[in-house]
Amino acid sequence: MVAAVASRLPFLGHAASPDEGGFLVVGAQWHGAGGSLYGRYWVDRPPLLITIFRAASALGGLTALRLIGCVAAALVVLGVSRAAGMIGGRVAAQWAALTAAGLSISPLLGGYEVNGELLAAPFVLGGVICVLAALRAVRHHEAVAWSAAAGSLAMSAMLIKQNLADAAIFGFVALVLAVSRGELHRQRFWAMAAGAVGGASAVVVLLALWTVAHGTSLVGVFDAMYPFRIHAAAVQAAGGSAHSSVRLHLLVIAVAASGLGFLLLALLHHVVTRRRHDTSFLALVAMTLFAVISVLLGGNYWHHYLVELAAPLSIAAGVLVSRHGFAARKVVAYVLVAGSVAWGVSLARPQGTDARSVGQAVAASSTPNDTIVNAWGNADLTFASGLASPYAQLWSLPVKTIDPQLTQLDAVLRGPEPPTWFVIRKHVHSWGLDTAQTGLILDHDYHRVARLCGHTIFLRNGVDRPTPRIIGDCRGATTPLVTMKDLVP
């Protein structure tokens, strides 16, 4: 646990990822109605995730978020150890903790970034532990209470990242197998099921009240969490994105290099070669299978998707070591070595990004009331600028899915409060969007002022601002030539 936390500390100052920056922007202003789903912005994520980022923003922003990530990493190691110990004993607990630590420090699984998968993982593991406790409870009321706790934790995980139903899958399979094998009386089964549903419902009601109090529509949240994702998947499939294909190949490489692939093969070999498996282990297998499907159906194939696989495979690694000994230990050893080597290599990488450099350069040339639109995506640039965006879409996928003709964007550019700055990576006519009208508006109402780190920066006509500039490398030193102090008389 200490190693998992300590390995993240050197990266506290690294630039925000697009999701980290974007969610911090959304969370910081989510306190009332603002014309979109979460205040002024729209994002396809559940409200509990935005609540966590809102808290991180109130506590200090990116550094606070990264410290919350450290706590989550510690809870993952402890949760994995506890769950493995309940299934396979003390040896399983020890080796599962080692595996979780090796995977948590690996940049191949997202590294230092704090994302929905990492924040939801402690809730997933808590749900698994409560299910196991419920199955082993002697008294009826204890079993129901543990089931209610499992339901509340499983639902909390889904309200952080909507596809992380891992704990729910584990609990469902474990209960069904237990009652079908005669390990659980039917009366207790229905009572435990009712307890789980009750616990989940309580969390939904509480978060619904919190969400409505912040001016967010529950119907809108549901639409963003599920119907939008289905629509977005269809848009991606129709577009045949080459970027997704490349990321899928890189994801497969990460699975192999990190050791996740070897853990999967070891688990598959154990399932195939052993005729009899206990209920909790089969539930773990079902949970792992669900995680694999969930990662593949993600569509974008980002590396942090693999965090969902880390928990069940770490538990499985511990159980396999307790049952197979030397062979499984070699797999765990590889995971530890691979994670440590990849972590060491990542230390040499620069802390900055193009987006942070450009965002900070724009910030240094801005006044406090300036606004910015960054097209298409790269919400970390908007975060680095410190400026609000009058356009509700901060990510590229919602733009392609919700505003493919850019009618919303054009309305903002022509509206009563158009953005001061317009930043685009590459050129306006990219991403396969209908940009004809947007290009005409930019030609008429904006002028190009700089080209920095692959980004073109436009300034609205009639507005006088210093030209944004950067000293140093785009991914290293980002001290701008002009500071906010230079703008103060």
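Data for the structure
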read-out: Quotient of C-alpha Rg and 2.2 N^0.38 Å, computed over segment 354-487; value: 0.99
read-out: For Arg188, Arg181, order by how many other beta-carbon atoms lie within 10 Å, fewest first; value: Arg181, Arg188
read-out: Placed amide H near Gly61: partners under 5 Å, 5+ positions off or other chain; value: none
read-out: Angle in degrees between helix 186-213 and the longest Cα principal axis of the chain, rounded to the nearest 10; value: 20 degrees
read-out: Scattering profile of segment 63-198 at q = 0.21 Å⁻¹ [log10 I(q)/I(0), Debye over alpha-carbon scatterers]; value: -1.20
read-out: Whole-Hz ³J(HN,Hα) from phi, Karplus 6.51 cos²θ - 1.76 cosθ + 1.60, for segment 318-335, glycine and proline x; value: x, 5, 5, 4, 5, 10, 10, x, 4, 4, 5, 5, 5, 5, 4, 4, 4, 4
read-out: Segment 128-193-segment 243-284 distance, computed between alpha-carbon centres (Å); value: 24 Å
read-out: Anisotropy class of segment 2-347 from Cα gyration tensor, a/c 1.5 cut; value: oblate
read-out: Degrees, to the nearest 10: 62-88 long Cα axis against longest axis of the chain; value: 20 degrees
read-out: Free-standing Cys residues across the chain, given no other cysteine C-beta under 4.7 angstrom; value: Cys70, Cys130
read-out: Helix-only [θ]222 nm of the chain, DSSP H runs n ≥ 4, -39500 (n - 2.57) each, per residue, nearest 500; value: -20500 deg cm²/dmol
read-out: Where only C-alpha atoms are counted, convex hull volume of segment 213-319 per residue in Å³; value: 156 Å³
read-out: For Ala388, residues with placed amide H under 5 Å, excluding near neighbours; value: Ile372
read-out: Amide H contacts under 5 Å for Tyr41, placed H, 5+ residues apart; value: Ser36
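Computed from the coordinates by the stated procedures, all read-outs in this text should not be read as laboratory data. All values reported here derive from a predicted model rather than from experimental measurement. Positions of Cβ are backbone-derived with ideal geometry, glycine not excepted, and every protein chain shown enters the neighbour counts.
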